[in-house]
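Novice: Just passing along the structure, written as structure tokens.
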Amino acid sequence: MALLVITDDCTDCDACIEPCPNDAISIIEGLYIINKDLCTECVGHHEDPQCVEVCPSDCILPDPDHEETPEELQAKYESLQSAA
Ligand code: SF4
Ligand code: SF4
């Protein structure tokens with residue numbers, strides 16, 4: 001598994017913002033960006049990445065430059081929960 005990145009095919013439809021359980025997606029200078037410190041690929045919340053599920057453009061893809069194991073994603077989830 002790898003963290004996710006939004007590609008240039010994004011149509012700014014806004015559909016991915018609300019379903020994200022970690023508020024990891026934001027709009028920065030007009031671009032939709034996934035905060036890698038907050039994205040757990042939905043581990044701890046859902047079976048599948050919710051942003052990918054709702055994106056009509058199929059433009060949220062694995063980022064091969066930022067690999068994370070299921071154990072690392074689970075640890076990030078638990079860290080975020082304890083910080084909340
Ligand atoms: S995979 Fe889940 S946590 Fe990561 S940005 Fe998408 S909805 Fe948010
Ligand atoms: S759901 Fe997909 S197309 Fe819509 S804003 Fe998010 S990344 Fe862009």
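Values in this text are rule-based calculations from the coordinates and carry no lab data. Note that this is a predicted model, so its numbers are computed, not measured. Ideal geometry is used to build each Cβ from the backbone, glycine not excepted, and the neighbour counts take in all protein chains shown.
Novice: Cα extents of the chain along the three principal axes, largest first, in whole Å?
Specialist: The principal-axis extents, from largest down, are 33, 26, 24 Å.
Novice: Report the one residue of P49, C13, L80 whose Cα lies farthest in the direction of the positive end of the charge dipole of the chain (charges on C-beta: Lys and Arg +1, Asp and Glu -1; origin at the Cα centre).
Specialist: Result: L80, furthest along the dipole toward the positive end.
Novice: Starting at the first residue of region 26-32, write each ³J(HN,Hα) from the Karplus equation 6.51 cos²θ - 1.76 cosθ + 1.60 with θ = phi - 60°, in whole Hz, x for Gly and Pro.
Specialist: 9, 9, 10, 6, x, 10, 7
Novice: Where the only charges are on Cβ atoms (+1 Lys, Arg; -1 Asp, Glu), what is the dipole of region 2-83 about its Cα centre, to the nearest 20 debye?
Specialist: 200
Novice: Now, a different point. Quick one: which of 32-45, 67-80 comes out on top by average Cβ neighbours within 10 Å, and what's the full order, highest first?
Specialist: 32-45, 67-80
Novice: Under 5 Å between amide hydrogens, which residues at least 5 positions from E68 or on another chain qualify, with H placed 1.01 Å from N in the peptide plane?
Specialist: The list, which skips near neighbours in sequence, is A2, L3.
Novice: Using θ = phi - 60° and the Karplus curve 6.51 cos²θ - 1.76 cosθ + 1.60, what whole-Hz ³J(HN,Hα) does each residue of region 67-73 get, with Gly and Pro shown as x?
Specialist: 6, 9, 7, x, 5, 5, 5
Novice: Sum -39500 (n - 2.57) across every DSSP H segment of at least 4 residues in the chain, then divide by the residue count to get the 222 nm mean residue ellipticity, nearest 500.
Specialist: -6500 deg cm²/dmol, from helical runs alone.
Novice: Highest mean first, what order results for 54-66, 12-24 on Cβ atoms within 10 Å?
Specialist: 12-24, 54-66
Novice: In addition: Hey, can you grab everything whose amide H is under 5 Å from the amide H of V43? Only 5+ residues off in sequence or another chain; H modelled, so Pro and N-termini drop out.
Specialist: So V43 has HN proximity to no qualifying residue.
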